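Reading through the structure tokens given below for one structure.
The values are calculated or read from the model by the stated rules, or taken from the named source; none is laboratory data. Since we're looking at a predicted model, the values are computed, not measured. Cβ sites come from the backbone with ideal geometry, for glycine too, and all protein chains shown count toward neighbours.
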């Protein structure tokens, strides 16, 4: 009997060995390698690595204003996505949850932006935002608001908001799909009973839809925060972090430090700090979600 248990135990682990091997090669090894490099001064080319201990981290916290500006920019875009993007996704999901004509067509259209490449989306919006022949400025001139026309991605006052709009346009679709799936999982009998009792649309949403959708809201918020904090491709395709670091985000700062500055060790230290920040945010969200489920 004991031999059979051992065989079953070994057999079970044999099946997951390929997955464990892939995880170790592509996740565990890079993770520990980044930790090792974060303690060195390395240019990425020379075989020699100078051990500097915690100097990279000390410098990052005491003398790297650009990195923390990039964190601030990422938090701003994340806040915009959490509010405007997800509210738009919820509004559209509520509309498509009803029996409307062409509902399936709308669902496909709303999910198209997330499917597109971030680089392609950035290039399209570059044309829309262009200060000379951009579609947005032409529209403003047409309706008599030419005073508001500007080079949207080159103006320090509007660049970050413009990038946030691009990100929200590209990202609202997947939130829409998740929220719509959550709405369709709510039993229709609850809505029918509420209508029989004469409940208004707002009362139905407040007392039936919102409470039952809390787990879905939490899931969408977690994915929104983690996804937006790691925004990269849209920034590269539009502003590259400019003008004057006004649209710089953590990933672009890390890449610039690593490739442009040939400071691989320092960039790894930035990556470790950024990863710990994302981990802390995730832990807080999980804690808050547990508290909300208990209410």
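Here residue 121 meets each of (1) closer than 20 Å to residue 245 by Cα; (2) crowded, with 17+ Cβ neighbours inside 10 Å with one exception, condition (1). Every residue in segment 262-295 that is within 17 Å of residue 45 (Cβ to Cβ) and in a loop (DSSP other than H, G, I, E, B), please. Passing the criteria: 262, 263. Counting only residues that are under 21 Å from residue 60 (Cβ atoms) and not in a loop (DSSP other than H, G, I, E, B), segment 230-261 holds 12 of them. Here the condition is being crowded, with 19+ Cβ neighbours inside 10 Å, in contact with a helix residue (DSSP H, G or I) (Cβ under 6 Å, 6 or more places away or on another chain) and at pLDDT below 90; of 265, 271, 182, 241, it holds for 241 alone. Does residue 209 satisfy the condition of being surrounded by 17 or more Cβ atoms within 10 Å (Cβ to Cβ), in a helix (DSSP H, G or I) and over 21 Å from the mean Cα position of the chain (by Cα)? Yes. Sort through 64, 56 and tell me the only one that's surrounded by 13 or more Cβ atoms within 10 Å (Cβ to Cβ), at pLDDT below 90 and more than 15 Å from the chain's Cα centre (by Cα). Selected residue: 64, the only one of 64, 56 that is surrounded by 13 or more Cβ atoms within 10 Å (Cβ to Cβ), at pLDDT below 90 and more than 15 Å from the chain's Cα centre (by Cα). Taking each residue of segment 96-115 that is in a loop (DSSP other than H, G, I, E, B) and looking for partners that are surrounded by 10 or more Cβ atoms within 10 Å (Cβ to Cβ) with beta-carbon atoms closer than 6 Å, six or more apart or interchain, yields 97/183. Of everything in segment 172-201, what is more than 30 Å from residue 76 (Cα to Cα) and in a helix (DSSP H, G or I)? Give them in sequence order. Within segment 172-201, 184, 188, 189, 190, 191, 192, 193, 194, 195, 196, 201 meet the criteria.
Take the conditions more than 20 Å from residue 255 (Cβ to Cβ) and over 30 Å from the mean Cα position of the chain (by Cα) and apply them to residue 45. Does it pass? First the steps, then the outcome.
Values: more than 20 Å from residue 255 (Cβ to Cβ): no; over 30 Å from the mean Cα position of the chain (by Cα): yes.
No: the conditions fail for residue 45.
Among residues that are at pLDDT below 90, part of a helix (DSSP H, G or I) and loosely packed, with under 14 Cβ neighbours inside 10 Å, residue 132 is not included.
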